[in-house]
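Chemist: Here it is, the structure, as structure tokens.
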Amino acid sequence: MKNLLFILLGTAMLFSQNNRFIYDVKYKKDSTSKHIIRENYYLDITKDDVAYYNRLNYINDSIFSVTGKYTPAKLTSFLIKKNKSNVYQNYEYIGDVNFYKISEEARLHWNITDSIKVSNHFRLQKATTQFGGRNWIAWFSKDIPMPYGPYKFNGLPGLIMELYDTKKNYYFNVIKSEKIPDDYKRHSLNNYIPRAIPVTQKELNKLKLDLYSNPFKYVLNGALTIPEGKKLLLDDGTVLSKEQLKPAEANERKKIKSFNNPIELDKAIKYP
């Protein structure tokens, strides 16, 4: 937690405001690979809700606040939980043109241990839990009495500052905090939420299998139109014309299948 920037001007002042905690996230998308992906995720804790989302959305919001325009950006899944509710709204992006919304509770059963460590002047206490088919270790701080952490992890008597699974496929670490301006709006997320399609987990699994079978169906069936002379930009930077889509399907299936290590391992899709 090097260079951790906490604004501790008084705990009452800090905890009465809207707060943002930024996590450095490292994870393995493919369990058979040694490649580690590193990204920043934001945890916003406000008087109305809790939101967990990729930094790319924050960047887009910053651009929009200055220009009034959205810039094309990689789409990523995000979570929203209203206060006084334990139901998380999971807005899932699977790679087609839509966001899909799943509502589910996340009640975790924690074993709080007596293990203590001090990191960056914070006294951290160890807790363990099982979630999503993995065993997790969390280090939380009662100095920050907010019962949240990255993703759906919640329910401890303090903010989760560090979290990882026992096989080290996923690692989360708070690197910064800041107060959220009163006039801040999540433009990107607010743009996606109204058009998200409610689904069950079973329906989402079927949609993922359908996308695997026909990776570019959203273009071929007209759901997404590629203007004349334009090309399709994929998340990994690959650029394809409409004529190149069919020949590229096999490679796209390979990429989809390589995402075999989601954070909730028990929800991993078994592709053919």
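Chemist: Of (1) modelled with pLDDT of 95 or more; (2) over 19 Å from E92 (Cα atoms); (3) surrounded by fewer than 21 Cβ atoms within 10 Å (Cβ to Cβ), P181 satisfies all except one. Which?
Modeler: Among (1) modelled with pLDDT of 95 or more; (2) over 19 Å from E92 (Cα atoms); (3) surrounded by fewer than 21 Cβ atoms within 10 Å (Cβ to Cβ), the lone unmet condition for P181 is (1).
Chemist: Show the residue pairs meeting these rules: Cβ distance below 8 Å; 6+ apart or different chains; first residue within the range 172-195 and within 17 Å of K47 (Cβ to Cβ) and among the small types (G, A, S); second residue open to solvent by 30 Å² or more (accessible area, probe 1.4 Å) and not in a loop (DSSP other than H, G, I, E, B).
Modeler: S177/L5
Chemist: On to the next question. On the given criteria, is Y100 under 23 Å from E39 (Cα atoms) and out of contact with any Lys or Arg (no Cβ under 9 Å at 6 or more places or on another chain)?
Modeler: Spelling it out, Y100 is indeed under 23 Å from E39 (Cα atoms) and out of contact with any Lys or Arg (no Cβ under 9 Å at 6 or more places or on another chain).
Chemist: Is it true that S141 is open to solvent by less than 60 Å² (accessible area, probe 1.4 Å), touching a strand residue (DSSP E or B) at 6+ places or on another chain (Cβ under 6 Å) and among the small types (G, A, S)?
Modeler: Against the criterion (open to solvent by less than 60 Å² (accessible area, probe 1.4 Å), touching a strand residue (DSSP E or B) at 6+ places or on another chain (Cβ under 6 Å) and among the small types (G, A, S)), S141 qualifies.
Chemist: Yes or no: the range 110-123 includes at least one residue that is among the acidic types (D, E) and in contact with a Phe, Trp or Tyr (Cβ under 9 Å, 6 or more places away or on another chain).
Modeler: no
Chemist: Filter the range 150-166 down to residues that are open to solvent by 10 Å² or more (accessible area, probe 1.4 Å) and over 17 Å from the mean Cα position of the chain (by Cα) and give me whichever is nearest to Y52 (Cα to Cα).
Modeler: If we take residues in the range 150-166 being open to solvent by 10 Å² or more (accessible area, probe 1.4 Å) and over 17 Å from the mean Cα position of the chain (by Cα), then G155 is nearest to Y52 (Cα to Cα).
Chemist: Show the residue pairs that are 6+ apart or on different chains and have beta-carbon atoms under 6 Å apart, the first residue being within the range 201-217 and in contact (Cβ under 8 Å) with a residue 24 or more places away in the chain, the second being surrounded by 13 or more Cβ atoms within 10 Å (Cβ to Cβ) and hydroxyl-bearing (S, T, Y).
Modeler: L204/Y100; Y212/Y271
Chemist: Residues of the range 102-111 being exposed (fewer than 15 other Cβ atoms within 10 Å of the Cβ) and either without any contact (Cβ under 8 Å) to a residue 24 or more places away in the chain or touching a strand residue (DSSP E or B) at 6+ places or on another chain (Cβ under 8 Å) (or both), which ones?
Modeler: S103, E104, E105, H109, N111
Let's see how each residue does on (1) in contact with a Pro (Cβ under 7 Å, 6 or more places away or on another chain); (2) surrounded by fewer than 16 Cβ atoms within 10 Å (Cβ to Cβ); (3) of a type outside the set (S, T, Y):
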residue	(1), (2), (3)
N173	no, no, yes
P198	no, yes, yes
Q201	no, yes, yes
L204	no, no, yes
L209	no, yes, yes
S213	no, yes, no
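Chemist: I would also like to ask the following. Any idea which of (1) at negative phi; (2) at pLDDT below 90 is the one G222 doesn't satisfy?
Modeler: G222 satisfies all of (1) at negative phi; (2) at pLDDT below 90 except (1).
The values are calculated or read from the model by the stated rules, or taken from the named source; none is laboratory data. Please read these numbers as outputs of a predicted model, since none were measured by experiment. Using ideal geometry, Cβ is built from the backbone for each residue, glycine included, and neighbour counts are taken over all protein chains shown. Each accessible area value is taken on the protein alone, full model and side chains, heavy atoms only, with ligands, DNA and RNA left out. Shrake-Rupley method; radii C 1.70, N 1.55, O 1.52, S 1.80 Å.
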